[in-house]
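Engineer: The structure is given below, and queries will be raised subsequently.
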Amino acid sequence: MKVFIGFDPRESVSYHVAAHSILRRSSIPVEITPLALCNLTGDFHRDRESLQSTDFSFTRFLVPHLSGYKGFSLYLDSDVLVRTDIKEIEGECDWYKTVKVVKHDYTPKDSVKFLHSIQSAYPKKNWSSVMLFNNERSKRLTPEYVNTASGLDLHQFKWTTEDQIGELNKDWNHLVGEEPENPKAKIVHFTRGGPWFTEYSKGEFSNEWFDEFESMSHPYVP
């Protein structure tokens, strides 16, 4: 399983905890790649935009290219906690869809989110925060396209057609603080701000995040 996770040095702890949550529960080999700007200089060169809240706002759309347009790849924002065996996502792979996402339908509660970033509201908000790509059907996402297309074209999936956007169960991208509590969530998404920020340290699933951080940070002593 190829998994790509967004990486922003301002929140590197979130990337490492997300990766650890995958590895600790996976029953299959997993290849995890951080989408760090310093590793993508040959493929990504667009200027940062004023509404861009993270370094990986646009690099996520390079995943099919980085996968050689072969097989399936899973993209995750870094502010997630994976609570299930990632092998389960294999059952969602669909050769007849370009990409599969959780099709959220909501308006963000806040106008400002973590690190004082503007919280933009637009159709298909947060659909692109967890994406299961069918890489062979995603060949329009070339580096040239990703570097020049508008943010809305990318995040509103204008690079494919509506009938090619498959749907994942909402458990695969539970938006903490934006949706009713969901104890069955497979992927928890701290979209408003993660527990590593003091102001979000008491919310839903924050204790599980801190447990994961402790598990990652300390050697196991039987």
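To keep it simple, each residue is scored yes or no on (1) acidic (Asp, Glu); (2) within 18 Å of the chain's Cα centre (by Cα); (3) over 17 Å from LYS2 (Cα atoms); (4) at pLDDT 95 or above.
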site: LEU23; (1), (2), (3), (4): no, yes, no, yes
site: SER26; (1), (2), (3), (4): no, yes, no, yes
site: THR33; (1), (2), (3), (4): no, yes, no, yes
site: SER50; (1), (2), (3), (4): no, no, yes, no
site: PHE58; (1), (2), (3), (4): no, yes, yes, yes
site: SER67; (1), (2), (3), (4): no, yes, no, yes
site: SER73; (1), (2), (3), (4): no, yes, no, yes
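Engineer: Mind checking whether some residue in the stretch 162-174 is out of contact with any Leu (no Cβ under 7 Å at 6 or more places or on another chain), β-branched (Val, Ile, Thr) and open to solvent by 10 Å² or more (accessible area, probe 1.4 Å)?
Structural biologist: Within the stretch 162-174, none of the residues are out of contact with any Leu (no Cβ under 7 Å at 6 or more places or on another chain), β-branched (Val, Ile, Thr) and open to solvent by 10 Å² or more (accessible area, probe 1.4 Å).
Engineer: Determine the pairs where a residue that is within 21 Å of GLU214 (Cα to Cα), located within the stretch 69-85, has a partner that is aromatic (Phe, Trp, Tyr) and open to solvent by less than 20 Å² (accessible area, probe 1.4 Å) with Cβ atoms under 6 Å apart, the partner being 6 or more residues away or on another chain.
Structural biologist: Within 6 Å, the pairs are ASP79/PHE190; LEU81/TRP209.
Engineer: Does at least one position in the stretch 41-51 carry a residue that is in contact with an Asp or Glu (Cβ under 9 Å, 6 or more places away or on another chain) and free of Cβ contacts under 8 Å to residues at least 60 places away in the same chain?
Structural biologist: yes
Engineer: Restricting attention to the stretch 83-100, report how many residues are farther than 12 Å from LEU168 by Cα and of a type in the set (Lys, Arg).
Structural biologist: 2
Engineer: If you don't mind, another one. Quick test for you: out of VAL30, VAL17, pick the one residue that is in contact (Cβ under 8 Å) with a residue 60 or more places away in the chain and either open to solvent by less than 40 Å² (accessible area, probe 1.4 Å) or farther than 22 Å from ASN134 by Cβ (or both).
Structural biologist: Going through VAL30, VAL17 in turn, the sole match is VAL17.
Engineer: What number of residues in the stretch 47-97 are loosely packed, with under 15 Cβ neighbours inside 10 Å and not charged (D, E, K, R)?
Structural biologist: Of the residues in the stretch 47-97, 7 are loosely packed, with under 15 Cβ neighbours inside 10 Å and not charged (D, E, K, R).
The values are calculated or read from the model by the stated rules, or taken from the named source; none is laboratory data. The structure presented is a predicted model; accordingly, all values stated were derived computationally and were not measured. Note that each Cβ is placed from the backbone with ideal geometry, even for glycine, and that neighbours are counted across all protein chains shown. The accessibility values were calculated without ligands, DNA or RNA, using every heavy atom of the protein model including side chains. Shrake-Rupley method; radii C 1.70, N 1.55, O 1.52, S 1.80 Å.
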